[in-house]
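All remarks here apply to the structure that follows.
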Amino acid sequence: MNLDEELIAALRREAAPENFAAGVLAKTTLAKTPSSRARDWAFRRPAIFALAAVLILALVLPSAIYEYRRQQRGREARDQLIAALSITRVQLQQVQEKIRRNTRHRI
């Protein structure tokens, strides 16, 4: 027997034994714990998950927005400081040049 024939034989359909479905259902009903029943109930209610997602977003989103704005203000302050330092550097260079000119003329 070659590999193809073995696969065909292994994957051949077979009828399920009598009362198979009833036995599976009975086992699943007995095996359920209260917590798994609660989980099953929750999974059957997509509206509950949608509501939970909205509540989580309502709690998380404002803090994320606040943090984003805080960082944005920090970047703006940094840019303003760099601009102010640049202006100050140019003005100091101009003052230094004036001082050099005045000291050269006096000597």
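The values are calculated or read from the model by the stated rules, or taken from the named source; none is laboratory data. These numbers come from a predicted model, not from an experiment.
In the range 25-33, is there at least one residue being assigned to a helix (DSSP H, G or I), small (Gly, Ala, Ser) and modelled with pLDDT of 65 or more? Yes.
Does Ala22 count as aliphatic (A, V, I, L, M), part of a helix (DSSP H, G or I) and modelled with pLDDT of 90 or more? For Ala22, the condition - aliphatic (A, V, I, L, M), part of a helix (DSSP H, G or I) and modelled with pLDDT of 90 or more - is not met.
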